[in-house]
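Only one structure is covered here, and it is reproduced in the block below.
None of the figures in this text is laboratory data; all of them are computed from the coordinates on show. The shown structure was predicted, so the numbers you read here are calculated from the model rather than taken from an experiment. Virtual Cβ from ideal backbone geometry, glycine too; neighbours counted across all protein chains shown.
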Ligand code: NAD
């Protein structure tokens, strides 16, 4: 099959490289010339485990190529995937669909033979209808179908998720398009990945419903963590006790600083807006988004409390900046709110992240001193706060950390240490929902 991926970011590049690895002929397109130039040199513009090797081997085999010009590849394609960004629109929080519609117009102009246009970007229900209208208006002569095929991969485990998905959702009522999609995903059918064929609108909504539910699960356990702190219970044990029930499941029950990242914050907001527009407010999701927003800044206050009530004139070392480990993605990371809250309270910030510092420099407010490693980061700090649970923070030499710090205060927003171990080493230690005596 000839496949074009429009947008070569986290989703487009991973999907394109995986489709090529299945044996398809894939062209990845992006507007950013520097990104395409880097990809042509074999340099991967994002950090995603295993992606460099996958891209290089498939490019070397001639199945994967890169361009800024979509016209040629689209004219010969069986399927064109739209994998451009759908960020929150400034002002009202609805999904900004301008990139999707711009890509649709460009694709329309270039259509040759029968082509399936697939929205892989996360798009509000009804977007497929609008893409179809745009293409039909520009090219009344063209033979095409518009399909929704939302992507569920997680950054940090994206290749594994793409190749071994829990399910593939294909939204179309067009039999010919469904056949093309079946051919595109044939290698995964053979791996017996469950395929869910739905209407286009159902597929679009399924993605938002899944993300909103996961965000709800995280927010629920975070509120339980707050309650645990007040009543002297341990949220990790509560989560284990809940999660062993098959109806609940143990995933996404890790209490922490609040969800962030490139998907949950914007997708919950977009779902809230869609539901309001249709006169059926999603009140649970509205509450989840509000609770989560407040939580991120509250984590700053937690650090202040652990420091004895004030951080004015103090230095706080922030370990981990990305919204989760194994990615360089800083979009809507909780670290941004935590750092802003601490700066507002008068703290000086030192920070270290294994992969996210370049992106962090572009989004973190105020003056932040970026350090070369965790030990350099904690030097002369009055407190250290673990915001992202990168593996390298799990086994810090705590004796060394204590001697380097001005005062040994550790706030563990990911519960990666055991309280008694850290306190034995002479630290003041605060965590999430495990009770001060733990
Ligand atoms: P991204 O910002 O990393 O990549 C988008 C790319 O599209 C950028 O490189 C941009 O230059 C390019 N682009 C924009 N307009 C273009 C055009 N007209 N032609 C060619 N290229 C164009 O975004 P992402 O994280 O890959 O997300 C893409 C979509 O997938 C979003 O809707 C997102 O919600 C969804 N999604 C993301 C994830 C994730 O983990 N990142 C997971 C599932 C779904």
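Once the chain from residue 293 to residue 138 is taken as fully extended at 0.36 nm per residue, the excess over their C-alpha distance is 51.7 nm.
Packing around the peptides 297-304, 258-265, taken as the average count of other Cβ atoms within 10 Å per residue, puts them in this order, highest first: 258-265, 297-304. Could you state the angle between the C-alpha long axis of helix 264-277 and the longest principal axis of the C-alpha atoms of the chain, as a value from 0 to 90 degrees rounded to the nearest 10? Between the helix axis and the principal axis of the chain, the angle is about 60 degrees. Taking only Cα atoms of the chain, what ratio of Rg to Rh do you get with Rh as the Kirkwood inverse-distance radius? Radius of gyration over Kirkwood radius for the chain works out to 1.01. Mean sequence separation of contacting Cα pairs (under 8 Å, at least six apart), scaled by the length of the chain, corresponds to a relative contact order of 12 percent.
Measuring nothing but how far apart in sequence close Cα pairs (under 8 Å, 6+ apart) lie, relative to its length, segment 234-430 scores a relative contact order of 19 percent. If you take every DSSP beta bridge whose two residues both sit in the chain, what share of them, in percent to the nearest 5, is antiparallel? Roughly 5 percent of the beta bridges in the chain run antiparallel, per DSSP. Taking the DSSP bridge list for segment 2-198 and keeping only pairs wholly inside it, about 5 percent are antiparallel. For the peptides 268-276, 321-329, 244-252, the ranking by mean Cβ contacts within 10 Å, running from highest to lowest, is 321-329, 268-276, 244-252. What do you get for the angle between helix 200-231 and the principal long axis of the chain? Use alpha-carbon atoms, 0 to 90 degrees, nearest ten. Relative to the chain, helix 200-231 is tipped by roughly 10 degrees. Kirkwood hydrodynamic radius of segment 66-208, from the reciprocal of the average inverse Cα-Cα distance over all distinct pairs: 15.6 Å. Axis angle, to the nearest 10 degrees, between helix 283-306 and the longest C-alpha principal axis of the chain: 30 degrees. Computed over segment 203-267, the P(r) tail beyond 13 angstrom holds 64 percent of alpha carbon pairs.
The peptide list 130-140, 107-117, put in order of mean Cβ contacts within 10 Å with the highest first, becomes 107-117, 130-140.
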